[in-house]
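Okay, structure first, notes after.
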Amino acid sequence: MKNLGQMMKQAQQMQARMSEMQEEMEALEVEGTAGGALVSVRLSGKREVRSVSIDPSLIDPSDPEMLEDLIKAAFNDANGQIAAIKADRVAEMTGGLPLPPGFKLPF
């Protein structure tokens with residue numbers, strides 16, 4: 001029964017660390033850019049768009065596809081940064097052990 005008590009204690013510690021990490025991720029903001037930083041998208045750690053900035057020189061009514069592609073690229077850049085930060089923090093929290101397949105964090 002000693003092992004069960006120790007496992008419960010470790011589970012509680014892991015839960016506390018996960019809550020802390022979730023709060024840190026929610027407070028995080030990253031900026032993704034595209035087109036030589038002429039388009040930027042700021043995302044929260046929860047992947048909510050905070051702002052979009054477009055250099056006026058890119059606004060060409062005859063070529064909306066280019067601007068659409070740059071916005072998507074900037075969003076994907078920011079989203080990738082968040083995923084990398086999250087993976088690093090999970091690795092720190094789990095001591096580098098991979099999470100079980102299908103295990104989802106709450107964000």
Exercise. Is the stretch 89-107 home to any residue that is over 14 Å from the mean Cα position of the chain (by Cα), modelled with pLDDT of 95 or more and part of a helix (DSSP H, G or I)?
Worked result: no
Problem set entry | Identity of the residue in the stretch 24-64, over 20 Å from N79 (Cβ atoms) and not polar (S, T, N, Q), that ends up surrounded by the most Cβ atoms within 10 Å (Cβ to Cβ) | L58
Seminar exercise, completed: In the stretch 53-78, residues that are of a type in the set (D, E) and touching a residue at least 40 places away in the same chain (Cβ under 8 Å) total 1
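The values are calculated or read from the model by the stated rules, or taken from the named source; none is laboratory data. Bear in mind the structure is a predicted one, so any value in this text is a computation, not a measurement. Please note: Cβ atoms are built from the backbone with ideal geometry, for glycine as well, and neighbour counts cover all protein chains shown.
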